[in-house]
Structures are given as C-alpha cells and as structure tokens.
Amino acid sequence: MAGGRSCVEAHMTVTSPQESRSTLRGLQCGKSVESLVKEPENGFPTSGFFSSEPISSFLWSGIPHGWDNFFRPLHFQALSIVSVSLLAVEKLSDFNPMFFAGLLEAVVAALMMNIYIVGLNQLYDIEIDKVNKPYLPLASGEYSVGTGVTIVTSFLVMSFWLGWVVRSWPLFWALFISFILGTAYSVNLPLLRWKKSAVVAAMCILAVRAVIVQLAFFLHMQTHVYGRPAVFSRPLIFATAFMSFFSVVIALFKDIPDMDGDKVFGIRTFTVRLGQKRVFWACISLLQMAYAVAFAVGLISPCLWSKVVTVMGHAVLASILWARAKSIDLSSKAAITSFYMFVWKLFYAEYLLIPLVR
C-alpha cells in the first residue's frame with residue numbers, strides 16, 4: 001500500500017506532459033513492469049468505432065481534450081441499454097414518461113460506472129499502454145495520474161448515488177457487480193488483477209457485456225418501471241445467449257492486435273500461444289456459427305415481420321463478416337486492428353436487431 005501511495009504522489013507532482021512521460025519511464029513503485037498488463041477496458045476498444053476524432057468535436061464543445069480516449073465510445077454502450085430495455089415493451093402505450101425516465105436512469109448510471117471501470121484500467125496500464133496505445137491520455141502524459149484518480153473516483157460515487165436514489169434493485173446490483181468485476185479485473189493486488197489470466201479476463205467480459213447488460217437492464221424496466229413480474233422471454237434468452245457467445249469471441253479477438261506488446265511484457269494470451277492466424281479464423285468460425293443460430297431463431301418466429309427482419313439482417317451481417325475476413329492481411333497490425341474495430345461494429349449492430357426478435 002505504501003508503494004501505491006508513493007506512486008500516485010510522484011505522478012501528482014508532475015506539471016507537464018513532458019515531465020509526466022519522463023517520470024513514468026523511471027517510476028518503479030515497487031512493482032515489475034510485467035505486472036502492468038493490458039487492455040481491454042471492460043471489453044471496449046480504445047477509441048471511437050468510426051473515427052479517432054475526439055467525441056467533443058461532434059457531441060458538445062468545451063470538454064477537455066483526451067476525454068474521448070479516456071471514456072471510450074459511451075454512445076454505443078447506451079445503444080445496448082436502450083436495445084435491451086425495448087424488449088420489455090409489449091405495446092405502444094408502454095412508451096410513456098415512466099419508460100423514458102427509467103431508461104435515462106439506467107443509461108446515466110451505467111455510463112458513469114463504465115467511466116470508472118475504463119479509467120481504472122488505464123490507471124493500472126500506463127506502462128503497457130505506452131507500447132500498445134501510446135495515444136491514451138495517461139500513457140501519453142496528457143493526463144496526470146492525479147487527474148485520472150479524481151475522474152474515476154467521482155464517477156464511481158455518482159454512479160452508486162444514482163443507483164441508490166432510484167431504488168431499482170436490478171439496476172443497483174448491475175452497478176455493484178460491474179464495480180466488483182471491473183475492480184478485480186484491473187487492480188494489481190494479491191488474488192486480483194484478473195486480466196493476467198486469459199480465461200478469467202474472458203469471463204469478466206462475458207459477465208458484464210453479455211449477462212448483466214441483458215438481464216439487469218431488462219429487469220429494471222420490467223419490474224421497476226412497469227411493475228410487472230420478472231419473466232425470461234424468448235427474445236431475452238436469445239439476446240443473452242447470442243451476446244454471450246459474441247463476447248467470448250471478442251475476448252479472444254482483443255489480443256490479436258496487441259500480440260507484440262503482450263510478447264514484450266510476457267503476457268501469455270491465446271494469440272501469443274497459438275498464433276494470430278489460428279485465433280483469427282477460430283473467431284470467424286465462432287461468429288458464423290452464432291449467425292447461423294440467429295438465422296434459425298428468426299425462421300421459427302411466429303411473427304412474420306420479425307421473421308423477415310431477423311433472418312435477412314443476420315444473413316447480411318454474416319455475409320459482410322465473411323467477405324471482410326477473406327480480404328484481411330494478417331501480417332499488417334493496422335489491418336488487424338481495423339478488423340477488430342469492425343467486429344465491435346457487428347457487436348453493436350446486433351443491438352439494432354435484438355428489439356425486433358419476437
């Protein structure tokens with residue numbers, strides 16, 4: 001603990017990006033560099049999915065530079081929450097003020113918790129991010145560690161405060177479990193730093209992105225907003241199963257672009273052990289299997305419009321994935337990174353189809 005305090009104090013004395021980079025290079029803090037392992041920041045890629053331009057350039061003005069890389073593409077996480085919340089809608093009259101108030105509560109509380117998780121991971125990954133992602137605000141020295149600590153602490157407190165005052169137990173437990181997993185994933189303490197294990201890291205991502213998002217936010221709308229009994233409908237089961245499978249693929253795929261940094265720091269990911277090509281095509285095969293199952297689910301839907309949309313939608317996504325995969329140059333890190341971002345686009349494109357599964 002003393003080493004951790006001296007580390008933070010040393011960073012907080014830095015007054016410029018140049019000094020920060022110099023200080024970080026020489027800082028030891030009583031820990032080996034190998035202990036400072038890698039991304040995925042709760043499964044999110046590093047910058048916006050479609051552009052590396054700051055979010056502030058198109059959302060609103062006045063946000064400090066670097067917040068886009070520190071916060072990640074939060075608008076896509078909001079999409080996932082909105083999509084799952086729509087599964088609780090049974091009729092047009094359900095689109096009432098209570099729905100929109102409950103949706104806003106869930107989105108704001110979850111995004112603030114995500115800022116905590118992503119920011120905490122960056123705080124513990126400064127050295128390895130200098131290799132894999134030197135443009136991140138902490139790795140580049142744009143933000144001091146003191147600034148990072150202030151940001152993550154503030155958003156953690158605000159997230160729990162909102163979850164408590166709303167009095168929705170599904171929402172509160174979603175925040176609490178995300179906090180526990182996100183902290184254990186990144187913090188470098190005995191029995192923690194779960195991201196050092198490829199299997200445990202995958203399970204953390206699976207729990208948050210596939211299970212908690214689907215179940216907790218659906219139940220928040222179903223029980224807290226609408227006051228209906230908790231049910232596990234066919235669309236909800238499909239969404240949970242499909243996104244669980246997809247999350248496993250992302251957990252495998254996330255290491256492919258970062259193989260060089262992982263080798264340097266001794267991180268034994270599946271990509272390091274098996275090679276980029278084998279892991280890449282294993283991921284593509286798994287995704288094609290998932291789309292085949294989604295295609296079959298659409299075929300047996302009793303609702304004609306849902307059948308047409310889900311069958312055609314998943315067929316199109318599977319075709320695009322296969323065409324893109326066949327054209328990739330696996331010897332190019334830039335091409336692999338671009339494809340990884342493309343996989344995330346497919347992940348969130350699924351959230352456009354999920355509300356239409358009936």
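The values are calculated or read from the model by the stated rules, or taken from the named source; none is laboratory data. Model, not experiment: these values are computed from the prediction. Using ideal geometry, Cβ is built from the backbone for each residue, glycine included, and neighbour counts are taken over all protein chains shown. With ligands, DNA and RNA removed, areas are computed over all heavy atoms of the protein, side chains included. Shrake-Rupley method; radii C 1.70, N 1.55, O 1.52, S 1.80 Å.
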What's the extension gain from Arg167 to Arg278 if we count 0.36 nm per residue and subtract their Cα-Cα distance? 35.2 nm
Label point at Lys333 placed 7 Å out along Cα→Cβ; residues across region 193-233 whose backbone nitrogen lies under 13 Å: none
If r is the Cβ-Cβ distance from Met312 to Val187 and R0 is 56 Å, what FRET efficiency results, to the nearest 0.05? 0.80
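Given charges of +1 on the Cβ of Lys and Arg and -1 on the Cβ of Asp and Glu, with all other atoms neutral, how large is the dipole of region 124-201 about its Cα centre, in debye to the nearest 20?
220 debye
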Between the alpha carbon centres of region 92-166 and region 289-306 the gap in Å comes to 35 Å
Report the calculated FRET efficiency for Lys345 and Ala230 (r = Cβ-Cβ distance, R0 = 35 Å), to the nearest 0.05. 0.60
Sorting Met341, Met221 by accessible area (1.4 Å probe), largest first, what list results? Met341, Met221
Label model pair Val149, Val199: point-to-point distance (7 angstrom along the Cα→beta-carbon line) in nm is 3.6 nm
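Using mean Cβ contacts within 10 Å as the protection proxy, how do 287-300, 316-329, 205-218 order, highest first? Please list the in-between numbers first.
Working: 287-300: 17.0, 316-329: 13.7, 205-218: 21.9.
Peptide ranking by packing, descending: 205-218, 287-300, 316-329.
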Whenever you get a sec, compute what percent of the accessible area on region 102-216 sits on carbon and sulfur atoms (1.4 Å probe). 79 percent
